[in-house]
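Below is one structure, written out as structure tokens; the observations come after it.
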Amino acid sequence: MSGNVIDRVRQLVVDGGMSKAGLARAAGLHANTLRDCTEMAWNPTAETLGKLERFLFTNDDRPVLVPIEEIIDEARNGRMFILVDDEDRENEGDLIIPAQMATPSAVNFMATHGRGLICLTLTGERCEQLGLDLMSRNNGTRHETAFTVSIEAREGVTTGISAGDRARTISVAIDGSKGRDDIVTPGHVFPLRARDGGVLVRAGHTEAAVDISRLAGLNPSGVICEIMRDDGTMARLEDLVGFARMHDLKIGTIRDLIAYRRKHDHLVVKKAELAFTSRWG
């Protein structure tokens, strides 16, 4: 968080958007507070950072809702993003990152700032390879989210709950050279089984995360986490815009992903070719 604020302050000053003194005064600080802000050794106090963050957040008009092509590009470059579904569905936003890019730092960011359940989205084929049974054969949840049994890497973890341990488990689960003998159950990572056909079959974050990674040319898997407000309720779009600006993230919609796939995906595949005679010739 602090690094993000410092980077934005430096960029604003270097690009000539505001002078050091002008920015300091606008944020309610003494005019000389930012005199060393472009120096790498600059180490502002928590109070200074808080005032700068509030000012930047209040005056930030950068567009964060972007076309799905930009979201795919974010994924391709290993950057986290937010996807929102429709108001008549969950009406929620999830932090998403391609699973092969899920570093301990990324997992920790989700746990700290998203605060929802961190899940690993996998294709049905990969779930079968790992021997992951569904948590329930009679899914009675509203949107039929397909939880499998929870997992842990067999080796390379301690208690399993740390960000590093969960990143390790994710890495093992998506590694094609690893199989069911390399994981144990139960664990602290919660796999979700994506429907074959992706968002064209089910317009959920599970399928969207797999689709985006596939479209980005990456392992077809993702790590997702719901975003909650400070009061524990679910963040809606107006909350997510501020959240995205604060953390320098981009927001896309599952609706746009569906439209993109319908336009660009090859949905019909030729399986066989056969000559035949009909009454029309």
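Before moving on, here are some points about what is shown:
- Sole exception among (1) surrounded by fewer than 16 Cβ atoms within 10 Å (Cβ to Cβ); (2) closer than 18 Å to residue 106 by Cα for residue 171, by number: (1)
- Some residue of region 61-84 being in a helix (DSSP H, G or I), among the acidic types (Asp, Glu) and more than 30 Å from residue 220 (Cα to Cα): no
- Scanning region 14-48 for residues that are crowded, with 18+ Cβ neighbours inside 10 Å and not in a loop (DSSP other than H, G, I, E, B) yields a count of 4.
- Annotation note: of 189, 241, the sole residue that is modelled with pLDDT of 95 or more, surrounded by 11 or more Cβ atoms within 10 Å (Cβ to Cβ), of a type in the set (Val, Ile, Thr) and assigned by TED's automatic domain parsing to the domain that holds residue 83 is 189.
- Residue 277, sole failed condition from (1) touching a Leu at 6+ places or on another chain (Cβ under 6 Å); (2) in a loop (DSSP other than H, G, I, E, B): (1)
- Considering the conditions (1) touching a Cys at 6+ places or on another chain (Cβ under 8 Å); (2) of a type in the set (D, E, K, R); (3) under 20 Å from residue 79 (Cα atoms), residue 193 is excluded by exactly one of them, (3).
- Residue in region 148-160 that is touching a residue at least 60 places away in the same chain (Cβ under 8 Å) and either closer than 30 Å to residue 239 by Cβ or in the same structural domain as residue 254 (by TED's automatic domain parsing) (or both) present: no
For (1) of a type in the set (Phe, Trp, Tyr); (2) within 30 Å of residue 5 (Cα to Cα); (3) more than 21 Å from the chain's Cα centre (by Cα), each residue gets a yes or a no:
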| site | (1), (2), (3) |
| --- | --- |
| 186 | no, no, yes |
| 204 | no, no, no |
| 235 | no, yes, no |
| 238 | no, yes, no |
| 256 | no, no, no |
| 268 | no, no, yes |
| 272 | no, no, yes |
| 275 | no, no, yes |
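- Here is the figure for region 1-13: residues that are within 26 Å of the chain's Cα centre (by Cα) and either surrounded by 15 or more Cβ atoms within 10 Å (Cβ to Cβ) or closer than 23 Å to residue 114 by Cβ (or both) total 9.
The values are calculated or read from the model by the stated rules, or taken from the named source; none is laboratory data. Here the structure is a predicted model, which is why all the values come from computation and not from measurement. Note: ideal-geometry Cβ built from the backbone for every residue, glycine included; neighbour counts use all protein chains shown.
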